[in-house]
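One structure is given below, encoded as structure tokens.
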Amino acid sequence: MTIKDEAAREAVTTLGLLTSKAIPTIASLLANDLSEHPRAIATRYRKEGEQISDAEKKALGIRRNGFLSRAALAEIAPAGLTEPLAAHEITLLRATFTRLRYDRVAQGEAMRAQLGPSFIGYLHDTLHRECPACIRLDGLVTDAANAKIMPPSDCAPGCSANYGIGPKIDWLADID
Ligand SMILES: [Zn+2]
């Protein structure tokens, strides 16, 4: 399984806003170059293909100018229907942060050999202050094997787990 598949599966399963049928969709929406915001990517996905009718939008509480394709609606789980236009975006956001953490650790491992004793480990940095599970990770320093690339399973509902992982480097380690 690639990191994209794994990140998509985790985000879909943990958040529960989409059904498991959406895992390949989220994996394919995890853009290669990360230059586009997940919101823009998820919005474009909702706009593609045959759209639901105005009557269906009304029944779902979606504004008339909101986009939602039949294919996208079919992937939304009951829990995601309270905010149907956000279900893909929140899920994709969570999967994107997982992929970013994976990339940062892979880059860190490439640096580690060159840095020697200056390389302390991987520092976790939590930006989202509303999820107790993510806050627990803030300030944690680990080796690569123990880095929390995959987000906690007990996140607060709707948490995008947008904490970061970066190499912690002591530039003065070699200087006496
Ligand atoms: Zn969280």
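For the reader, a short list of remarks on this structure follows.
- Less than 5 angstrom separates the built amide H of G121 from those of K168, all sequence-distant by 5 or more or on a different chain.
- Loop-located trypsin sites (Lys or Arg not before Pro) across the range 16-86 with a Cβ neighbour count of 16 or fewer within 10 Å are R63, R64, with loop assigned by DSSP.
- Around Y163: net Lys/Arg minus Asp/Glu count, Cβ-Cβ under 15 Å: +2
- For the range 71-137, applying the loop criterion from DSSP together with a ceiling of 16 other beta carbons within 10 Å to the GluC sites (Glu not before Pro) yields E130.
- Under the membrane-span-like helix rule (DSSP H runs whose alpha carbons stretch at least 27 Å along the helix axis, mean Kyte-Doolittle hydropathy -1.0 or higher), the chain yields 87-115.
- Residue with peak Gaussian network fluctuation, the chain [Cα springs, cutoff 10 Å], from I90, I135, I52: I52
- Loop-located trypsin sites (Lys or Arg not before Pro) in the range 81-176 (DSSP state not H, G, I, E or B) with no more than 15 neighbouring Cβ atoms inside 10 Å: R129, R136.
- Value at 222 nm in deg cm²/dmol, rounded to 500, when DSSP H runs of n ≥ 4 in the chain each add -39,500 (n - 2.57): -13000 deg cm²/dmol
- Using the Cβ of L137 as centre and a radius below 9 Å, the other residues enclosed give a net charge of 0, where K and R count +1 and D and E count -1.
- Close amide H contacts of A156 (hydrogens built in the peptide plane, cut-off under 5 Å, sequence separation of 5 or more or a different chain): A133, C134.
- Formal net charge of residues neighbouring L29 (Cβ-Cβ distance under 15 Å; K, R +1; D, E -1): +1
- Cα-based equivalent ellipsoid of the chain: semi-axis lengths in Å, sorted from largest, via gyration tensor: 37, 15, 12
- Each principal axis of the range 3-93 carries a Cα extent, and these read 39, 26, 17 Å when sorted largest first.
- Couplings 3J(HN,Hα) of the range 24-31, computed from phi: x, 5, 5, 4, 6, 7, 6, 4 Hz, in residue order, whole Hz [Karplus 6.51 cos²θ - 1.76 cosθ + 1.60, θ = phi - 60°; x for Gly and Pro].
- Amide proton proximity set for G66, modelled H, under 5 Å, gap of 5+: none
- Normalised by residue count, the range 97-169 yields a Cα convex hull volume of 71 Å³ per residue.
Quick note: the coordinates plus some simple rules give every number you see, no bench work behind them. Being a predicted model, the structure only gives us computed values, none of them experimental. Reconstructed Cβ throughout: ideal geometry from the backbone, glycine too, with neighbour counts over all protein chains shown.
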